[in-house]
Amino acid sequence: MSLFREKLSFLKITHIPKVEWSSNTPFNIQPRLITIFYLILGLTLFGLGEALLIISSLGVTPWTVLAEGISLKLKISVGLATFFVSISILILWIPLKQKLGLGTISNAIVIASTIDLFVYLIPETSSFFISILYLFLGIFLVGLGSGLYLTTNLGPGTRDGLMKGVSENFNKPISLVRLIIETTVVILGWLLGGTVGIGTVMFAIFIGPLISMALSLIRKIYK
């Protein structure tokens, strides 16, 4: 039993670990090359994962469900609804003491560009088995990519900043905080009329533990 608990200890992580490539401060306009490397690598993996989720056609991410629901209620585009959601999250950053940085800006640019690139390069499939494979691989890559870029300490993306802020301020496990956030977002989006698929549910359940697992492995290997 103790061995089993030890293997699941990564689920208790409450803070982003500092490793050899971590920046001293999020607001760093001249980070080291190794820091930039892991930032771009993490965000690229994140974008690839998001692209695979889109191609799987098994359900969008929870935040997209929320944006879709808001767009239906307010009669606006999903893109505009997504913008409003992002601004609302950034306002929540203030009491959570989160800071903007190069990583925050890069998050929007690199992930968006990577998604477009891989959606174009990766062929669509009519096979349900391949779609499931895309789904699980996509969630895994988003989790791994999140862990990598967050350890650079150059500023999180809007949603990761919410997760990070709640975890740090209330000393609660990242896996639990992310599960609660994603589940809440899915339910709200669904109640507003957003479309929920099996991929949406799987993402909400597994993304928190996968981010925690990635952070734990990085801490053990590179600290």
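Think of segment 98-223 as a dipole: +1 on every Lys or Arg Cβ, -1 on every Asp or Glu Cβ, centred on the Cα centre; then among L121, A214, I181, A214 lies furthest on the positive end. Per-atom-type breakdown for the chain gives carbon and sulfur 70% of the accessible area (1.4 Å probe, protein chains only).
This model, with +1 at the C-beta of Lys and Arg and -1 at the C-beta of Asp and Glu, gives the chain a dipole about its Cα centre of some 740 debye.
Taking the square roots of 5 times each eigenvalue of the Cα gyration tensor of segment 1-123, largest first, gives ellipsoid semi-axes of 28, 21, 19 Å. Averaging 1/r over every pair of different alpha carbons in segment 96-156 and inverting the result gives a Kirkwood radius of 13.4 Å. So which lysines can K220 reach, going by Cα to Cα under 25 Å and dropping same-chain residues fewer than 8 places off? Straight-distance partners of K220: K7, K12, K18, K164, K172.
Each of the peptides 85-94, 119-128 was scored by the mean count of other Cβ atoms within 10 Å over its residues; in descending order, highest first, they stand as 85-94, 119-128. When the chain is described by a simple charge dipole with +1 on each Lys and Arg Cβ and -1 on each Asp and Glu Cβ, the residue from L43, G103, F84 located farthest towards its positive end is G103. Think of each Lys and Arg Cβ as +1 and each Asp and Glu Cβ as -1; about the Cα centre, that makes the dipole of segment 1-88 roughly 200 debye. A value for Cα extents along the principal axes in Å was derived from the coordinates, and within the list (i) 54, 52, 40; (ii) 64, 34, 32; (iii) 44, 40, 36 it appears as (iii). Sorting F203, F83 on solvent-accessible area from highest to lowest, probe radius 1.4 Å, gives F83, F203.
Take segment 57-197 with all the other protein chains still there, run a 1.4 Å probe, and you get 50 Å² of accessible area per residue. So how tilted is helix 33-56 from the main axis of the chain? Cα-based, degrees 0 to 90, rounded to 10. For 33-56 against the chain, the angle is about 20 degrees. Among 138-149, 179-190, 25-36, sorting by the average number of other beta carbon atoms lying within 10 angstrom of each residue, highest first, gives 138-149, 179-190, 25-36.
The values are calculated or read from the model by the stated rules, or taken from the named source; none is laboratory data. Bear in mind the structure is a predicted one, so any value in this text is a computation, not a measurement. Quick reminder, even Gly has a Cβ in these numbers, built from the backbone with ideal geometry, and neighbours come from all protein chains shown. Note: accessible area is taken over every heavy atom of the protein model, side chains too, but ligands, DNA and RNA are not part of it. Shrake-Rupley method; radii C 1.70, N 1.55, O 1.52, S 1.80 Å.
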